[in-house]
Ligand code: HEC
Ligand code: HEC
Ligand code: HEC
Ligand code: HEC
Ligand code: HEC
Ligand code: HEC
């Protein structure tokens, strides 16, 4: 009996110890939690001085995925929980990047995209200030949202608008010697007509030109160079079955404008080999057909005029006689 009582007492005191340990652990956690968060570079270190930036970034794809102020801006952790100083912005701190610095700033984490962008014609340099950098297309530095978000400028139905903002600006494009009529000629295409009526799979600018590695037609590594165009048209989800080496460049997406210039038909020196092949056929057939019809039309017109004149002359002669 005595033995039983001893055991019961011992059990109770063990239970009390257990509860005490759990309570202590919980207390320690609640104390450590804010310290831990701050040491992790949470926005709270910056919040006291940069409320606007912190509020701005709350909606961004970065904040949602745990990318914080210091991941982008660097800096030194100098908080002890009670004192926050401006010194957090020292060490490897980077402030707001300029237009030429931004691609490197973002590519720290988006390396592949950064490499593509570096190789593209769009790379911003002091001589090329109008070219787009990351923020021009992605909605600012703190405002970047996911590509699939309908509010994003990179959302598929809005991508055309994004390219056209600059490429329909004739003044800007003339400055760089780039074709100014790309929107007009794209709008003549079947792709645009299908896209406009809701067939969002139809090709728009980036499907042919690429997103970050946009390159000139003359660059052999470009998606629109003659040797690569077959592969571009034959992409998965587009015209599967087109062989990479196929000469689909004869289709010339943006060139139909030139066909409407009659001088080009006679002054063949203005046509490059590609256009000549496309508009005049392999043995300049279109050229000779054009000449044949011009001669035919002129002959018919001249003969007609002669007939009218002869008729007139006879009428005058007849009037004089009677
Ligand atoms: C994805 C990277 C990124 C993150 C994360 C980020 N920033 Fe920025 N920050 C930028 C860029 C880029 C700029 C340049 C201005 C711009 O493009 O909006 C900038 C500019 C600033 C500026 C200068 C004033 C201004 O708004 O132009 C402040 C202040 C700032 N950030 C504070 C913060 C704080 C505080 C946080 C955390 C809440 C933060 N940033 C998180 C990229 C970032
Ligand atoms: C004690 C206040 C204070 C704290 C804390 C603080 N900053 Fe600043 N920050 C400033 C001041 C002041 C400026 C200068 C503002 C100006 O030049 O207009 C500044 C400027 C900046 C800029 C812009 C620099 C530029 O290139 O124009 C960035 C980015 C920035 N802070 C990021 C941060 C980040 C990230 C944190 C947290 C890790 C942080 N700051 C914490 C006060 C603070
Ligand atoms: C000419 C406009 C433009 C520029 C400049 C641009 N982007 Fe993009 N970016 C886009 C579009 C459009 C998409 C969505 C493509 C799609 O639909 O798949 C995208 C997608 C992305 C994606 C997600 C998908 C992927 O390809 O990994 C990341 C990350 C990205 N961009 C980062 C960057 C960075 C970093 C820079 C600067 C070095 C940059 N972008 C420059 C237009 C641009
Ligand atoms: C500290 C690393 C870091 C920096 C610097 C950074 N990002 Fe990001 N970014 C991420 C992470 C992490 C994600 C979310 C996961 C993912 O989609 O890869 C992301 C997502 C994105 C997305 C969404 C991709 C999608 O699939 O929708 C875009 C667009 C993007 N970042 C653009 C930028 C731009 C523009 C900059 C420069 C202003 C930048 N990033 C700077 C780490 C970073
Ligand atoms: C912020 C303005 C801007 C935006 C947005 C933009 N571009 Fe450009 N683009 C330019 C400039 C400026 C050049 C000229 C660069 C050069 O000549 O070196 C250029 C050059 C090009 C070229 C090469 C032209 C040539 O003759 O070499 C192509 C192709 C192109 N862009 C396609 C696109 C596509 C596709 C998009 C949409 C994803 C787009 N651009 C978005 C400004 C822009
Ligand atoms: C179906 C594919 C396709 C689509 C869609 C398309 N392009 Fe093109 N683009 C090409 C090809 C191929 C070339 C080169 C040959 C030519 O001009 O036809 C080209 C040439 C260009 C050039 C001149 C490049 C140079 O090096 O001379 C620019 C700029 C351009 N496109 C911008 C755009 C813009 C902006 C859009 C959207 C409004 C667009 N393209 C839509 C395939 C396409």
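The values are calculated or read from the model by the stated rules, or taken from the named source; none is laboratory data. Please read these numbers as outputs of a predicted model, since none were measured by experiment. Methodologically, a virtual Cβ is constructed for each residue, glycine included, from the backbone with ideal geometry; neighbour enumeration extends over all protein chains shown.
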Fill in the blank from the handout: Residues of the stretch 133-159 being near ligand 1 (Cβ under 10 Å from one of its atoms) and either more than 12 Å from the chain's Cα centre (by Cα) or in a loop (DSSP other than H, G, I, E, B) (or both), in sequence order, are 133, 139, 140, 141, 142, 143, 144
Practice task
Among the numbered conditions (1) within 14 Å of ligand 3 (Cβ to nearest atom); (2) farther than 30 Å from residue 197 by Cα; (3) not in a loop (DSSP other than H, G, I, E, B), tell me where residue 162 comes up short.
Solution key: (2)
Handout entry: Yes/no for residue 126 being in contact with a helix residue (DSSP H, G or I) (Cβ under 9 Å, 6 or more places away or on another chain), away from ligand 6 (no atom under 16 Å from the Cβ) and within 24 Å of residue 211 (Cα to Cα)
Key = no
Practice task
Evaluate the stretch 59-70: report whether one residue or more is within 16 Å of ligand 6 (Cβ to nearest atom), out of contact with any strand residue (DSSP E or B) (no Cβ under 7 Å at 6 or more places or on another chain) and either under 30 Å from residue 178 (Cα atoms) or modelled with pLDDT of 90 or more (or both).
Solution key: no
Fill in the blank from the handout: Residues of the stretch 210-222 being surrounded by fewer than 20 Cβ atoms within 10 Å (Cβ to Cβ) and over 9 Å from residue 120 (Cβ atoms), in sequence order, are 211, 216, 217, 218, 219, 220, 221
Completion exercise
Given (1) part of a loop (DSSP other than H, G, I, E, B); (2) under 30 Å from residue 180 (Cα atoms); (3) more than 16 Å from ligand 5 (Cβ to nearest atom), residue 115 misses just (1)
Handout entry: Residues being free of Cβ contacts under 8 Å to residues at least 40 places away in the same chain and away from ligand 5 (no atom under 12 Å from the Cβ) - total across the stretch 150-170
Key = 5
